[in-house]
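Working notes, beginning with the structure itself.
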Amino acid sequence: MVILKNFCYNNREMIYFDKVSKIYSDDCVALEDITLTIGPKEFVSIVGHSGAGKTTLIKMLLAEESPTKGKVFYESDEVHKLKGKEITNLRRKIGTVFQDFRLLPNKTVFENIAFAMEAAGRTDEEIEADVPHVLELVDISKKIYSFPGELSGGEKQRVAIARAIVNQPDIIIADEPTGNLDPANTFEIIQILKKINDLGTTVVLTTHNRGVIDSLGKRVISMQNGRIVRDDKSGSYVL
Amino acid sequence: MFITKVKRVFRAGLTNFWRNGFVSLSSLVVMFIALFIICSLIFMSAILKFSLQEIKDKVDINVYFTTNASEMDILSMKKSIESIGEVSSVTYISSDQALVNFNERHKDDSLILQALDELDTNPLTASLSIKAKEPSQYEGIAKFLTDQDSSAVNNSIIEKVNYYQNKVVIDRLTKITDATNNVGLWVAILFLVISIIITFNTIRLAIFISRDEISVMRLVGASGRYVKGPFVVSGILYGIVSATLVLLVFLGLTYWIGNLSKTFFVGLDLFDFYLKNFGQIFIIIFGSGIALGAISSYLAVRKYLRV
């Protein structure tokens, strides 16, 4: 394991899945023997039909789920060996965007983003300065005091992205971020994610939107029935 | 940073309390009912205690002395009775006082008074009226008196101890007061447990609604304590607001029925009782409210933190 850890770290691989399987029951295998590396500043799309195992893969990385077999590394840390506070610290290095936005409904846009900063132990001065800045970046400054219920789907997703990037994480994980959006909003959200990647943040995107993948021209990992079936450096949506 | 965090937790708790209007209202109503029951139990126990005391106070035993017993002997016996731990008070009634009392009691009955006048001497003897702290202790006291008197064989001064005539009534009374106390205690415990369970479940449901929110908070990197804090603060607020309302409602209620209770319970003014014991009642109600809110919230959130 020490050798493996050194391998990950020395080769500056950010994320490493080592023969990971997730088996709920004999009939229900979510992931099977997944080996995968993701490097810093990469933009990786994971594609596949519903039930292919994309979300399970992401949940493994966030320590939401534990693998039945295999190991998951984030830099030099084996994710599923981390304890309470260490998991919290890991999650602070990862910004997450979900298909269903998952904003806190009783907090305003400002408070939703401030919450992530507060959780990371940032000062009030930093919060006052950074929140408007990040909202400007995702172009939703006008809605700073609105509640999530008062926003459209596209606006909610922008706020979710703002929340994910505000602590300047090493990596952004976007789990089907455009699943609930119309084509215009989809395009804009993908442009924002590209911009974030250009600024040096690793982006892992799961989607089953062919148009999005084809327009990106970045690395594509295709999944089927819990297995990786293709891993193309500059791929397109092929299943 | 610690102070900033505490400040943020309190601010978030207050905001949640205010913004989750409907959820807060339902939690408040249930907690109000729970605290109302607890406060009612305090008053019930006071009424019960007062009523039982009233009944107990009506019971005493009298020791009648022989006519040749000197006042000195009687007073020395009074002193030795007073030294018994179970005795609450001893009153000496001299034969002259007994006569005055008799005349007063029968002042409208000329036949009896006339009969008394026929006698040359005062036929009434001196007596000691003894009140015990508990009705069950009368038997022991009566035994003590008989033992002491029989040890002075040649100089027996006790004519009669009326405990033996009243034994059946006193025993029954002891049983009734003990049973009432026991039943009262179990009823109080039952109501207390029911109200705690209902409050706990309501707060658990209120937090159940927020379970997705809790998981999101964890996923954006909030520590368990930082997530729990605002919920506990909201729980404490439910407690404080409901406790204040209960105390105010009881202030009005006791003021309203104060005079009525004075007549009904022969002297127990519930308003007066409330004012005199306000400190204690305040601590019990506020303490219960805050503890119920905080503990229920703490336990309920803990369940959803395992993300």
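FYI, it's all coordinate maths here, none of it is from the lab. Not measured: the values here are computed from a predicted model. Because the Cβ atoms are built from the backbone with ideal geometry, glycine has one as well, and the counts that use them run over all protein chains shown.
Counting only Cα atoms, the range A:157-201 measures 28, 17, 15 Å along its principal axes, largest extent leading. With contacts taken as Cα pairs under 8 Å at a separation of at least 6 residues, the range A:1-148 carries a relative contact order of 20 percent. Between the beta carbons of B:E134 and B:L111, assuming R0 = 45 Å, the FRET efficiency works out to 0.65 to the nearest 0.05.
The convex hull drawn around the Cα atoms of the range B:184-307, when projected onto a plane and averaged over every direction, covers 9.0 nm². If you bin all the Cα-Cα distances of the protein assembly as shown at 10 Å, starting from zero, the percentages per bin are 3, 13, 17, 15, 11, 8, 7, 7, 6, 6, 4, 2, 0, 0. Extending 7 Å from Cα along the Cβ direction at B:S156 and again at A:K81 yields two label points whose distance is 9.5 nm. In this structure the amide hydrogen of A:M223, modeled in the peptide plane, comes within under 5 Å of the amide hydrogens of A:V47, A:G48, A:V229, none closer than 5 places in sequence on its chain.
R0 = 22 Å: FRET efficiency of B:D96 with B:V59, Cβ-based, nearest 0.05?
Efficiency for this residue pair is about 0.25.
The magnitude of the dipole of the range B:59-167, with charges of +1 and -1 set on the Cβ of Lys/Arg and Asp/Glu and taken from the Cα centre, is near 400 debye. Between B:F17, B:S127, B:L111, the Cα set farthest toward the positive side of the dipole of the range B:1-155 (charges on each charged residue's Cβ, about the Cα centre) is that of B:F17.
What value, in deg cm²/dmol to 500, does the helix sum -39500 (n - 2.57) over DSSP H runs of n ≥ 4 give at 222 nm once divided by the residues of chain B? Don't skip to the end; give the middle numbers.
Details: 11 runs with 231 residues, N = 307.
Mean residue ellipticity at 222 nm (helix-derived): -26000 deg cm²/dmol.
Take every pair of alpha-carbon atoms less than 8 Å apart whose residues are at least six positions apart; their mean separation over the length of chain B yields a relative contact order of 29 percent.
Placing R0 at 30 angstrom, the Cβ-Cβ distance between B:S89 and B:L251 gives a FRET efficiency of 0.25 after rounding to 0.05. Largest GNM mean-square fluctuation among A:I171, A:I144, A:I228, using chain A with Cα springs under 10 Å: A:I144.
Between helix B:95-105 and chain B there is an angle of about 70 degrees, using the helix long axis and the longest principal axis of the Cα atoms. Relative to the compact-globule estimate of 2.2 N^0.38 Å, the Cα radius of gyration of the range A:8-125 comes out at 1.20.
Sorting the Cα pairs of the range A:132-184 by distance into bins of 10 Å, from 0 upward, gives 23, 54, 23, 0 percent per bin.
Compactness ratio for chain A: Cα radius of gyration over 2.2 N^0.38 Å (N = residue count) comes to 1.00. Measuring against 28 Å, Cα to Cα, the residue pairs A:K41/B:K5; A:K195/B:K228; A:K54/A:K83; A:K143/B:K7; B:K56/B:K276 contain A:K41/B:K5; A:K195/B:K228 as the ones spanning a longer distance. Computed over the range B:59-167, relative contact order equals 46 percent, with contacts defined as Cα pairs under 8 Å that lie 6+ residues apart. Per-residue mean of foreign Cβ neighbours for A:114-122 is 5 (Cβ atoms of other chains, 10 Å radius). Sorting the segments B:290-301, B:198-209 by their residues' average number of neighbouring beta-carbon atoms within 10 angstrom, most packed first, yields B:290-301, B:198-209. Between the listed residues A:Y145, A:I171, A:N106, the Cα displaced farthest toward the positive end of the dipole of chain A, a dipole computed from Cβ unit charges relative to the Cα centre, is found at A:I171. A crude spin-label estimate for the pair B:D147 and B:R204, with each label 7 Å from Cα along the Cβ direction, gives 5.6 nm. The convex hull defined by the C-alpha atoms of chain B has an orientation-averaged projected area of 24.1 nm². Counting only DSSP H runs of at least 4 residues, each contributing -39500 (n - 2.57), and dividing by the residue count of chain A, the helix-based mean residue ellipticity at 222 nm comes to -11000 deg cm²/dmol. Dimensions of the range A:133-239 along the principal axes, based on C-alpha atoms and rounded to the nearest Å, stand at 45, 27, 23, largest first. Projecting the Cα atoms of B:I61, B:V100, B:V216 onto the dipole axis of chain B, where Lys and Arg carry +1 and Asp and Glu carry -1 at the beta carbon, places B:V216 farthest toward the positive end. Label positions at A:D182 and A:T35, each projected 7 Å from the Cα along the C-beta direction, are separated by 4.7 nm.
Counting only Cα atoms, the size of the range B:59-167 along its three principal axes is 42, 32, 21 Å, in decreasing order. Using a cut-off of 27 Å between Cα atoms, the listed pairs A:K19/A:K218; A:K85/A:K156; B:K49/B:K160; A:K59/A:K156; A:K71/A:K233 include A:K85/A:K156; B:K49/B:K160 as exceeding that distance.
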